[in-house]
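Asker: Below you will find the structure I want to go over with you.
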Amino acid sequence: MATLIVPPNLSSPRDDAIQLHRAFKGFGCDTAAVINILAHRDASQRMLIQHEYKTMYSEDIFKRLSSELSGKLETAVLLWMHDLPGRDAIIVRQALLSGSLNLEAATEVICSRTPSQIQVLKQHYYAKFGVHMEHDVSSRVSGDHKTLLLAYASIPRYEGREVDNVTAQSDAKALYKAGEKKLGTDENTFIRIFSERSGAHLAAVDYAYHNMYGNSLKKAIKRETSGLFKYALLTILQCSGIPAQYFAKVLHKAMKGLGTNDTTLIRVIVTRTEIDMQYIKAEYLKKYKKTLNNAVHSETSGHYRAFLLELLGPNH
């Protein structure tokens, strides 16, 4: 469930464009007005506003926002202006090709999306950048991590909830043999099962593994694998169960300790607001005994804080 709140008496995209233009004019930007409009429009409404703004003022609203806003707020708002797959494409591209390589971010986006979301992401990626996503992954990622990402991004998987328990048990056995039972690890077995099976099936494998060996598959992965390969397997596994739990954990980690990882904070809040942020907030509260809104409030400030809190909706 989304946390995006669209007002019941919505102004037209044309009126929104006029209001935004007014907010940009004069000395300094009326940032509060910009947030008030954009943080309460869904993906299709934001696209219409972009179109109207261009038609009326012969100017790209992205360029205008970029010149009027700055810092973390600018990053968050510009990312928010895209639709879901377009945004994912931008995050993966920047994570792979910007000056600061962020393979964790690219891995998170690819490994937490459903097969149909990945297909649309790849189409947007090619349309935006003129190159296949797999090409960029191949040139920036290496080893078992690369093999897993490429397989996961290209193999069509079943997305329903039905599971064959016999196959799940046989997969659990294969993973045990490939990991905990042997000296060293047979990574190919992990890659095959994790890239070919549906999310519901992997959740069943996890359950079977625990029943058969008294140990969680998550612990086995942590013990048997390392680095970004381990990170990718854990992301796939955790998102096959309850994705909201996984994202609550990612957000908590981003705000834990000294300093805040704003790149992660922006990425998760902006990409999940229109999907399952209500569930993420509930999981966050359950696990950390603090509302996500309060955590974000204490780690951020100014208009940047205001924008993120508008996306998160009421504090509960």
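The values are calculated or read from the model by the stated rules, or taken from the named source; none is laboratory data. Note that the structure is predicted; figures quoted are calculated from it, not measured. Cβ placement follows ideal geometry from the backbone for every residue including glycine, while neighbour counts extend to all protein chains displayed. The area values use the complete protein model at the heavy-atom level, side chains included, leaving out ligands, DNA and RNA. Shrake-Rupley method; radii C 1.70, N 1.55, O 1.52, S 1.80 Å.
Asker: Quick check on my filter: what residues within region 105-149 are touching a residue at least 12 places away in the same chain (Cβ under 8 Å) and either aromatic (Phe, Trp, Tyr) or not in a helix (DSSP H, G or I) (or both)?
Answerer: Listed by number, the residues that qualify are 113, 114, 125, 129, 141.
Asker: Let me ask you something else. From (1) in contact with a His (Cβ under 8 Å, 6 or more places away or on another chain); (2) surrounded by fewer than 18 Cβ atoms within 10 Å (Cβ to Cβ), pick out the condition that doesn't hold for residue 98.
Answerer: (1)
Asker: Take residue 241 and decide whether it is at pLDDT below 95 and open to solvent by 50 Å² or more (accessible area, probe 1.4 Å).
Answerer: Considered against the rule, which asks whether it is at pLDDT below 95 and open to solvent by 50 Å² or more (accessible area, probe 1.4 Å), residue 241 comes out as no.
Asker: Residue 227 passes all but one of (1) over 25 Å from residue 156 (Cα atoms); (2) crowded, with 16+ Cβ neighbours inside 10 Å; which number fails?
Answerer: (2)
Asker: Take the residues in region 1-27 that are among the charged types (D, E, K, R) and within 30 Å of residue 278 (Cβ to Cβ), then tell me which one is surrounded by the fewest Cβ atoms within 10 Å (Cβ to Cβ).
Answerer: Checking each candidate, the answer is 15.
Asker: Residue 251 versus (1) within 21 Å of residue 102 (Cβ to Cβ); (2) in a loop (DSSP other than H, G, I, E, B): which is the lone unmet condition?
Answerer: For residue 251, the exception is condition (2).
Asker: Based on this model, can you work out whether residue 112 counts as of a type in the set (S, T, N, Q), open to solvent by 50 Å² or more (accessible area, probe 1.4 Å) and modelled with pLDDT of 95 or more? It would help to see each step written out before you state the result.
Answerer: Values: of a type in the set (S, T, N, Q): yes; open to solvent by 50 Å² or more (accessible area, probe 1.4 Å): no; modelled with pLDDT of 95 or more: yes.
Criteria not met by residue 112.
Asker: Turning to a different aspect of this structure: I'd like to check something: does region 150-165 contain any residue that is open to solvent by 50 Å² or more (accessible area, probe 1.4 Å), closer than 23 Å to residue 86 by Cα and outside any loop (DSSP other than H, G, I, E, B)?
Answerer: Checked region 150-165: at least one residue is open to solvent by 50 Å² or more (accessible area, probe 1.4 Å), closer than 23 Å to residue 86 by Cα and outside any loop (DSSP other than H, G, I, E, B).
Asker: Right, another one. Can you name every residue in region 66-93 that is surrounded by fewer than 22 Cβ atoms within 10 Å (Cβ to Cβ), charged (D, E, K, R) and more than 13 Å from residue 35 (Cα to Cα)?
Answerer: 72, 83, 93
Asker: Within region 181-237, which helices (runs of 4 or more DSSP H) (wholly inside it) include 2 or more residues that are more than 22 Å from residue 167 (Cβ to Cβ) and not acidic (Asp, Glu)? Lay out the reasoning, then the answer.
Answerer: Details: elements: 187-196, 199-213, 217-224.
Here the list reads 217-224.
Asker: Right, something else. For region 253-267, what are the residues that are open to solvent by 70 Å² or more (accessible area, probe 1.4 Å) and among the basic types (Lys, Arg)?
Answerer: 253, 256
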